[in-house]
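Structure first, commentary second.
The values are calculated or read from the model by the stated rules, or taken from the named source; none is laboratory data. Remember, predicted model here, so these are calculated numbers, not experimental data. Cβ: placed from backbone, ideal geometry, glycine included. Neighbour counts: every protein chain shown.
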Amino acid sequence: MSPQSSDFSGYMILVLVLSFFVISYFMGMLVHSAWMYEDKGSVKKDSRAGWILCMIAGTGITGWMFYYGYYVNFL
């Protein structure tokens, strides 16, 4: 028996990973601009914790989009 080749090449995986991180970063910036410029007293606009939370939220949103796209297209 010959081993079955994968549908994904190394270059395709690299492009997927890089695009995931780029989209996550910009999604985090969108969340940051929407969340930080509201009238809040608990988190300051230039807060490092606020920036980290927004980047985590951007990664979560992008991860959900990638997972859902995979689920809809391949399963």
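In segment 46-75, how many are loosely packed, with under 10 Cβ neighbours inside 10 Å and either in a loop (DSSP other than H, G, I, E, B) or charged (D, E, K, R) (or both)? Step through it out loud before you land on a result.
Kept after step one, since they are loosely packed, with under 10 Cβ neighbours inside 10 Å, are these residues of segment 46-75: 46, 48-49, 71-75.
Subset that is either in a loop (DSSP other than H, G, I, E, B) or charged (D, E, K, R) (or both): 46, 48, 75.
Total satisfying the criteria: 3.
Kindly indicate which of G63, G58, G69, G10 is small (G, A, S) and either at pLDDT below 80 or touching a helix residue (DSSP H, G or I) at 6+ places or on another chain (Cβ under 7 Å) (or both). Show your work before the answer.
Details: G63 fails: either at pLDDT below 80 or touching a helix residue (DSSP H, G or I) at 6+ places or on another chain (Cβ under 7 Å) (or both); G69 fails: either at pLDDT below 80 or touching a helix residue (DSSP H, G or I) at 6+ places or on another chain (Cβ under 7 Å) (or both); G10 fails: either at pLDDT below 80 or touching a helix residue (DSSP H, G or I) at 6+ places or on another chain (Cβ under 7 Å) (or both).
Just a single option satisfies the conditions, and that option is G58.
Residue check: is Y25 modelled with pLDDT under 90 and aromatic (F, W, Y)? Talk me through it step by step, then tell me what you get.
Working: modelled with pLDDT under 90: no; aromatic (F, W, Y): yes.
So Y25 fails the test.
Tally time: how many residues in segment 27-44 are assigned to a loop (DSSP other than H, G, I, E, B) and either surrounded by 10 or more Cβ atoms within 10 Å (Cβ to Cβ) or of a type in the set (V, I, T) (or both)?
Start the filter on segment 27-44 by keeping residues that are assigned to a loop (DSSP other than H, G, I, E, B), which leaves 37-44.
Among the residues that remain, those that are also either surrounded by 10 or more Cβ atoms within 10 Å (Cβ to Cβ) or of a type in the set (V, I, T) (or both) are: 40, 43-44.
Total meeting the criteria: 3.
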